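Before any comments, here is the structure.
The values are calculated or read from the model by the stated rules, or taken from the named source; none is laboratory data. Every value quoted in this text rests on a predicted model; they were computed, and no experiment measured them. Please note: Cβ atoms are built from the backbone with ideal geometry, for glycine as well, and neighbour counts cover all protein chains shown. Keep in mind that these areas ignore ligands, DNA and RNA; they rest on the heavy atoms of the full protein, side chains included. Shrake-Rupley method; radii C 1.70, N 1.55, O 1.52, S 1.80 Å.
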Amino acid sequence: MSTCRSEWYEWDGTVSRIITLGHGIVDSHVNLDRKELFIIVPGNPGQAGFYEPFMESLHNRVGNPELSIWSVSHAGHDSDSSAWIPKEKTYDFEQQILHKLHILEQLVPTSTRITFIGHSIGCKIIMEIFRQNSTHSLSGSYFLFPTIEGMLSTERGKQTYPLTTTFRIPFILLASLLNMILPGKLMHLLIGLVKREAPSKVRNAIRHLINPNHVNNSLVMAKQELDTVHELDTDTLKSMGGRLRVYYGMNDGWCPLIFRNNLLKVEGILEEDAVVDEHGMEHAFVLGSSSGTHLGSIIGDWTKVTWRT
């Protein structure tokens, strides 16, 4: 079975981690010519490493040795910056969209068959990619627990907003303090005690997240999401009809099932395109002991169904 690799991509003064399975970013214009590529756009925090178990399960389920899968960290969320001082540049929501478009344009040949997989706010970023892309032919998209409308009106949105405003600076200082007083091995041990059910690769991603620069970028981006993601972009969703399938949680505090009802009102979106979870998965499915692997298998099965258009 193929294994994931960690690679770095430089853009606008920072490097961001891309986890690759199959062909990586080196010589990608040669290796991905006329091949198939799945690109995962993460939620927030946007650590690509959270998705490694999902990627490996998905790749194994699809069963295509020529398939490559990339998980792209958000700019500023997983870099090589100092873990002590919050001094690095922050990237807003629009810049995160530009970051993904730049990677698409610079690393992926136009002949590549591209499928996007979005999680949470990553789904909204993919919608913007579909709307703004002018260089590539995009096969379709899978949305997992999407946050594409009314974020601040949701239960979790209301709970999170103070963390992005009043408590942002204390959170950043806490991340700095933890890195100052806890040696690396002790930090890993503490994470293991708190998130013992999470796979080891996911615990490593949590360790990379506990960095004041990464925490700051995550909270800045979260505030902009909550401030700007209100109305459902029905025009873009209509253009994606027949090439979009969505996975909803049964009790998702970020995406209540009434939002599924709103999606089904969009022309071209059918009942079968909006699946409701029956396995008790959480919005942050990547943190579960086996839910990432399980959902990777589910999406792998979905890929065997041909798009309608």
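Annotations
- Whole-number percent relative contact order across the chain, with pairs defined as alpha carbons under 8 Å at least 6 apart: 23
- Farthest towards the positive end of the charge dipole of the range 1-45, among the residues SER2, ILE39, THR20, is the Cα of SER2, using unit charges on the Cβ of Lys, Arg, Asp and Glu.
- Extension gain, LEU182-THR3: 0.36 nm per intervening residue step, less the Cα-Cα distance, totals 61.4 nm.
- Point-charge dipole on Cβ atoms (K/R +1, D/E -1) for the chain, about Cα centre, debye to 20: 580
- Within straight-line cross-link reach of LYS35, lysines at Cα separation under 22 Å, skipping those fewer than 8 residues along the same chain: LYS100, LYS304
- Candidate lysines for bridging to LYS223, where Cα separation is under 18 Å - those fewer than 8 sequence places away on the same chain excluded: LYS89, LYS124, LYS158
- Here the range 217-309 is assigned +1 on the Cβ of each Lys and Arg and -1 on the Cβ of each Asp and Glu. Its dipole about the Cα centre then comes out at about 240 debye.
- Per-residue ellipticity at 222 nm from helix content only, as computed over the chain with -39500 (n - 2.57) for each DSSP H run of at least four residues, stands at -13000 deg cm²/dmol.
- For GLU105, GLU155, the ranking by accessible surface with the largest value first comes to GLU155, GLU105, using a 1.4 Å probe.
- For the range 1-64, the fraction of 1.4 Å probe accessible surface lying on carbon and sulfur atoms is 44 percent.
- Selection from TRP254, VAL276, VAL194 lying farthest towards where the dipole of the chain points positive, charges on Cβ: VAL194
- Phi to ³J(HN,Hα) by Karplus 6.51 cos²θ - 1.76 cosθ + 1.60 over the range 292-303, Hz, x for Gly, Pro: x, 5, 5, 5, x, 5, 4, 5, x, 5, 4, 5
- Only protein heavy atoms count here; under a 1.4 Å probe, ASP227 has an accessible surface of about 60 Å².
- Phi-based couplings in Hz for the range 163-176 (Karplus 6.51, -1.76, 1.60; Gly and Pro marked x): 5, 8, 10, 4, 9, 4, 4, x, 5, 5, 5, 4, 4, 4
- Taking amide H positions as modeled 1.01 Å from N, with prolines and chain starts lacking one, the residues under 5 Å from ILE117 and 5 or more places away or on another chain are ILE39, ILE40, VAL41, TYR142.
- Prolate/oblate/rounded call for the range 160-309, Cα gyration tensor, a/c under 1.5 rounded: oblate
- Dipole check for the range 1-93: with +1 at the C-beta of Lys and Arg, -1 at the C-beta of Asp and Glu, and the Cα centre as origin, the magnitude is about 160 Debye.
- Per-residue 3J(HN,Hα) values for the range 131-148, derived from phi via the Karplus relation 6.51 cos²θ - 1.76 cosθ + 1.60 with θ = phi - 60°, read 6, 9, 4, 10, 10, 10, 8, 9, 5, x, 8, 10, 9, 10, 6, x, 10, 10 Hz in sequence order (x marks Gly and Pro).
- Database remark: amide H of TRP11 closer than 5 angstrom to the amide H of SER16 (H placed geometrically; neighbours at sequence offset of 5 or more, or on other chains; Pro and chain starts carry no H).
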